[in-house]
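What follows is a set of notes on a single structure, which appears directly below.
Read-outs throughout are calculated quantities, based only on the coordinates presented, and are distinct from any laboratory measurement. On a predicted model such as this, the values are computed, not experimentally measured, just so you know. Neighbour counts are summed over all protein chains in view; Cβ atoms, including those assigned to glycine, are modelled from backbone coordinates with ideal geometry.
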Amino acid sequence: MKGLEKLTFGILFMTAAFLWPSPLLAQQEGGEKPKPAARLYPPLLDIADNQQGADAVTQTMQPDNLPLIGVQNPTLGTQEVRHSYWVPAIEYTNDARSNSLNPAANSGWNTTSFVSADVSWLEDWSHSRLSANYSGGGFFSTDPILGNGQYHQLSSAFEIDRRKWQMLFVDQFSYLPQTAFGFGGATGLAMPGVTGTLAVPLPGLQSAYVPSQTILTTNGSRYSDASAVQLTYALNPRGSITLAGVYGTLHFVDSGNVNNNTEILNVGYNYAISRKDTVGLIYVFSAYHYPGNPQAIGDHVGQFVYGRKVTGKLALKLAGGPEVAEFRVAIGGSTQKIGGSGNATLTYAFVRSSLAVSYTHGLSGGSGVFTGSNIDLVSTTWNRQLTQIWNGSVKFGYAKNRQILSGSGLTPPNYDASVAGAGLSRPLGRTASLSLAYQAQIQGGNVPICRNLTCATNYTVHEVFVTFQWHTRPLVLR
């Protein structure tokens, strides 16, 4: 009962702070004029007032010049950078869960407190840019299975953009006590770095290039990392070639899970058929290895790609083609599987809201359960500016993992995982923010999940998040 009383008191206290008005909210970051570099405060990015509409925002954005067949997600563009800066912050999140992270335990409601130091850093030169977002700290849980520990998240990118060629170095790292699929819900805990208008824009890697963690019932803490290097060279004003290599790893601290390492090589051709439309051809080879397991998979994918970009309003990418997987150790008596692969991403900006949808179909590393799996992954995020200070968001994700092949007459094991939630956030003055969110995690399938002496084929968790972040004024580098 003491734990429940503390949880109730904490939620009431944070909710009261969430609703408390602040006279500083009338001050708009975009309203100040630039100051000398040594003392500059916002705006560091050229951000239009929300009430000016989408056309005004579009005028302040730089076009997305990422290659169509590159490793990063397409974007609506980037805000013009006025100064290089960095922002340190501290963050506290309380995550109340309806039952333990470990489906084998049935411990009832528990709470986990995450305390972290956050940093966002943006260094901009005439032909290059360095971006980084980091969050890391400790957590303290009443869940006896989870206990106490630490967590870290880092996203970084270094870009070089010359007249004829572009070079990109990207790294996405995390050390988390649970799967990254749904971690943090619709709060700042989900992403590294500082939230709000000072967040450093950094296009993430496409899901096919990041080690998959879409099975919710994997056990314990895990390291996940994806490092990529990419070169794009312009052959003429319309055509370019892109070459990229990615190394990924998913390693679990606890036994009972399947570790995997992935090497990916892709090469392709981009061709601009108009100012807004681009087509491309791409070949991707992925090698999946499982330390301590003799299995290895070589995956060959060829795709035709179409993309359309309208700065500040639309980013669309569609890709599809054949896929051939080869197995070192035969699966179901076969050493090869022929099928299809595809992916699609759409980001659309309305006057006061935005929608992002993505879909992926193909082979994955197995999410810590399989030595390779067929995956269908859907992700949707909707954000809306509700009032001058209130923001709302809705998130939904669905993943289906199936064993690649099975023996004759046998049904292959499969898992269906869904995460769905919504959140509200608001600034508290110029240097703080608060967010409140709810999320449900639901997993089903034809593989029993055992809790104590009983087994079932489904697993459901409800979560309530309260997150507070405080950051300094931006510290200008130049």
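For the reader, a short list of remarks on this structure follows.
- Residues that are in contact with a Phe, Trp or Tyr (Cβ under 7 Å, 6 or more places away or on another chain) and under 18 Å from A319 (Cα atoms) occur in the stretch 241-250; there is at least one.
- Test result for Y359, free of Cβ contacts under 8 Å to residues at least 24 places away in the same chain, in contact with an Asp or Glu (Cβ under 9 Å, 6 or more places away or on another chain) and surrounded by 16 or more Cβ atoms within 10 Å (Cβ to Cβ): yes
For every residue, the table says whether it meets (1) in a loop (DSSP other than H, G, I, E, B); (2) over 29 Å from V466 (Cα atoms); (3) in contact with a His (Cβ under 9 Å, 6 or more places away or on another chain).
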position: V351; (1), (2), (3): yes, no, no
position: D376; (1), (2), (3): no, yes, yes
position: W382; (1), (2), (3): no, no, no
position: A417; (1), (2), (3): no, no, no
position: G423; (1), (2), (3): no, no, no
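- Scanning the stretch 338-353 for residues that are touching a residue at least 60 places away in the same chain (Cβ under 8 Å) and of a type in the set (S, T, Y) turns up T345, T347.
- Residue match in the stretch 158-166 (condition: farther than 26 Å from V466 by Cβ, among the basic types (K, R) and touching a His at 6+ places or on another chain (Cβ under 7 Å)): yes
- Only residues that are closer than 16 Å to L216 by Cα and either free of Cβ contacts under 8 Å to residues at least 12 places away in the same chain or β-branched (V, I, T) (or both) were counted in the stretch 366-388, giving 3.
- Of note, S100 satisfies the criterion of being touching a residue at least 40 places away in the same chain (Cβ under 8 Å), outside any strand (DSSP E or B) and buried (at least 16 other Cβ atoms within 10 Å of the Cβ).
- Filter pass, N266 being buried (at least 16 other Cβ atoms within 10 Å of the Cβ), of a type in the set (S, T, N, Q), farther than 19 Å from P203 by Cβ and out of contact with any Pro (no Cβ under 6 Å at 6 or more places or on another chain): no
- Selection status of K400, under 23 Å from G182 (Cβ atoms), in a strand (DSSP E or B), charged (D, E, K, R) and in contact (Cβ under 8 Å) with a residue 60 or more places away in the chain: no
- Qualifying residue in the stretch 322-334 (condition: over 17 Å from the mean Cα position of the chain (by Cα), part of a strand (DSSP E or B) and free of Cβ contacts under 8 Å to residues at least 12 places away in the same chain): yes
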